[in-house]
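The values are calculated or read from the model by the stated rules, or taken from the named source; none is laboratory data. What you see is a predicted model; the values in this text were computed from it and never measured. Here Cβ is always computed from backbone atoms with ideal geometry, including for glycine, and neighbour counts include all displayed protein chains. Each accessible area value is taken on the protein alone, full model and side chains, heavy atoms only, with ligands, DNA and RNA left out. Shrake-Rupley method; radii C 1.70, N 1.55, O 1.52, S 1.80 Å.
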Amino acid sequence: MSFRGKDVLSILDFSRNDLERLFRIASSRFEGDELKGKVVALAFFEPSTRTRLSFETATLRLGGGYIGFDAVQGTSIAKGETFSDTIRMLDAYADVIVVRHSLEGAAKLAAELAEAPVINAGDGSKRHPTQAMIDLYTVWREKKGIDNLVYGVLGDLRYGRASGSFLRALNLYSPRKAYLIAPESLRPKEELLDTLRMPWEFADLEEVLPELDVLYVTRIQKERFPDPAEYERVKGSYRIDAALLKNAKEDMIILHPLPRVDEIALDVDSTPHARYFKQAAYGVPIRMALLREVVP
Amino acid sequence: MSEELVVRRISNGTVIDHIPAGRALKVLRILGITGEEGYMVSMVMNVYSKKLGKKDIVKVEGRELSSEEVNKIALVAPTATINIVRDYEVVEKRKVELPDRIEGIVRCVNPKCVTNAPREAVHPSFRVISRKPLKLVCEYCGEYLTEEEVIAQLAGT
Ligand SMILES: Nc1ncnc2c1ncn2[C@@H]1O[C@H](COP(=O)(O)OP(=O)(O)OP(=O)(O)O)[C@@H](O)[C@H]1O
Ligand SMILES: [Mg+2]
Ligand SMILES: [Zn+2]
């Protein structure tokens with residue numbers, strides 16, 4: 001399928017073949033001026049550092065220009081302009097619109113209103129397709145394939161959009177198994193569990209660690225717990241350090257969408273397991289490949 | 001007393017029969033019939049029915065409602081029968097059938113869903129993923145809407 005002019009709303013809009021093609025482009029170290037004369041709108045209604053900077057970098061590396069804003073201060077949204085009107089305006093200015101928003105489904109709405117293709121850079125707590133592409137790409141490169149591996153997905157699997165997006169993305173492949181490692185109150189909603197097509201199980205990190213090929217770690221935010229004491233009680237079970245990793249397979253890799261706080265100790269960074277900085281670096285080539293393919 | 005004696009026969013139009021007792025007003029609301037359209041609308045509530053014990057009936061004179069228009073009433077009246085009347089005779093009879101998509105009518109229960117944002121150019125829309133029990137999924141945010149939630153929302157109307 002050609003992505004030209006298409007919206008990128010959910011990772012499930014893509015097939016394995018689509019992603020494979022994207023991965024091959026991203027890994028070909030291509031350079032070019034495919035976006036010369038093009039304008040990318042970066043509409044970040046919610047703050048973000050990494051995602052925004054990597055879209056900016058990807059645009060500049062392809063010779064394109066960008067317009068946009070960060071959060072809502074400094075735009076007329078602060079004066080009460082609706083999201084819909086802002087999108088219509090950007091549609092008139094830009095060749096592609098990258099949207100980040102705290103409301104779920106905001107990117108789909110933008111896509112309905114805009115002629116230009118819309119790329120979802122994270123809306124609400126469920127979808128973040130370009131992050132999922134980067135995550136899959138990291139596994140694809142670092143493990144030479146995505147199928148038949150045992151995955152552990154750890155952290156806030158209920159409100160965290162990266163973990164949910166990653167799990168959904170795995171549906172496109174055939175993992176041997178996915179272990180969901182989360183405190184009870186942060187387990188995925190049934191909406192997500194119902195869609196999982198691979199064998200999965202709730203699990204304890206220490207128990208399943210020796211089986212894992214890929215450990216995907218996300219942050220557990222204190223604010224998610226109604227009772228702070230509960231947070232203090234569980235947080236130790238979701239912390240990774242070098243000592244713990246003695247029990248892991250030698251070639252097990254650890255991913256994290258970043259930013260991390262203290263769920264991964266600094267002493268893990270120098271182990272061969274740590275791939276999260278590489279993962280962050282892959283954000284640029286993947287978004288370059290995507291922009292190159294999507295922008296009309 | 002027979003409903004025939006309560007309501008005059010119509011020459012042409014649509015009779016929605018076998019509506020669960022007490023739901024006729026909700027049916028009219030879902031159909032968007034307010035009475036201001038001009039055609040004659042009559043309604044009987046809580047009449048005796050062999051099949052349902054009690055039922056409601058809605059009759060719309062001068063308009064043949066299409067399946068597409070009528071099917072969404074299956075949310076509150078899954079037992080309803082649509083009768084098309086021409087020249088005082090029933091010429092077509094069909095059961096309502098819940099469509100695969102529901103637009104408007106019910107709201108998404110997720111407060112962070114874009115369809116709940118005020119003043120945005122969007123209407124709630126759902127895909128039907130199960131009919132018995134009824135289960136809808138929001139096309140914008142992916143949240144489920146259960147049968148109880150649908151009934152609770154429509155009860156308030
Ligand atoms: N000309 C008409 N004007 C108003 N109502 C009518 C007219 N003809 C039929 N109806 C009503 O439409 C409904 C269906 O009519 P029909 O004669 O098919 O009854 P039925 O055999 O009991 O049908 P069912 O098996 O669906 O209960 C009944 O409620 C009937 O009273
Ligand atoms: Mg009858
Ligand atoms: Zn919704």
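So what is the diffusion coefficient of chain B in µm² per second by Stokes-Einstein at 4 °C and 1.567 mPa s, using a Kirkwood Rh over Cα pairs?
78 µm²/s
Restricting to DSSP H runs of at least four residues, report the calculated mean residue ellipticity at 222 nm for chain A, -39500 (n - 2.57) per run over all residues, nearest 500 deg cm²/dmol.
Helix contribution divided over all residues of chain A: -9500 deg cm²/dmol.
Would you mind telling me which residue in A:203, A:243, A:265 has the biggest mean-square fluctuation in a Gaussian network model of chain A, where springs connect alpha carbons within a distance under 10 angstrom?
So, out of A:203, A:243, A:265, the one fluctuating most is A:243.
Residue A:21 accessible area, nearest 10 Å², 1.4 Å probe?
About 70 Å², rounded to the nearest 10.
How large is the dipole of the protein assembly as shown about the Cα centre if only Lys and Arg carry +1 and Asp and Glu carry -1, each at its Cβ, rounded to the nearest 20 debye?
About 460 debye.
Work out Dmax and Rg for region A:64-180 from the C-alpha atoms and quote the Rg first, both in angstrom.
In Å, with Rg to one decimal and Dmax whole: 17.0, 52.
Along its three principal axes, how long is region A:130-280 when you only count alpha carbons? Whole Å, largest extent first please.
For region A:130-280, the Cα spread along each principal axis is 42, 37, 28 Å.
Starting from the residue with the highest accessible area, list A:93, B:48, A:282 in decreasing order, probe 1.4 Å.
Sorted descending by solvent-accessible area, the residues read B:48, A:93, A:282.
Rounded to the nearest 500, what is the 222 nm mean residue ellipticity of chain B from helices alone, with -39500 (n - 2.57) per DSSP H run of 4+ residues and division by all residues?
Result for chain B: -4000 deg cm²/dmol, rounded to the nearest 500.
Can you tell me the Rg and Dmax of the protein assembly as shown, counting just the alpha carbons, in angstroms?
26.9, 88
First check a/c for region B:101-155, with a ≥ b ≥ c the square roots of the eigenvalues of its C-alpha gyration tensor; if it is under 1.5, answer rounded, and if not, answer prolate when a/b is larger than b/c or oblate otherwise.
It is prolate, given that a/c is not under 1.5 and a/b is the larger ratio.
Working with all protein chains in place, sort A:102, B:49 by solvent-accessible area computed with a 1.4 Å probe, largest first.
These residues rank, largest area first, as A:102, B:49.
On average, how many beta carbons from a partner chain sit within 10 Å of the beta carbon of a residue in A:191-203?
1
Give the span of region A:1-77's Cα atoms along each principal axis, as three whole-Å numbers ordered largest to smallest.
41, 28, 22
Just to be sure I understand: with springs between alpha-carbon atoms less than 10 Å apart, which residue in A:155, A:64, A:32 has the highest mean-square fluctuation in the Gaussian network model of chain A?
Comparing A:155, A:64, A:32 in the GNM, the peak value goes to A:32.
Please give the average number of partner chain Cβ atoms lying within 10 Å of the Cβ of each residue in B:120-128, rounded to a whole number.
Counting Cβ atoms of other protein chains within 10 Å of each residue's Cβ and averaging gives 3.
When chain A is treated as a GNM, springs tying every alpha-carbon pair under 10 Å, which of A:50, A:61, A:29 comes out with the largest mean-square fluctuation?
A:29
Could you check how much of the accessible area of region B:101-155 is carbon and sulfur, as a whole percent, using a 1.4 Å probe?
Summing carbon and sulfur atoms, their accessible area is 52 percent of the total for region B:101-155.
Of the heavy-atom accessible surface of chain A (probe 1.4 angstrom), what whole percent is carbon and sulfur?
That fraction is 47 percent.
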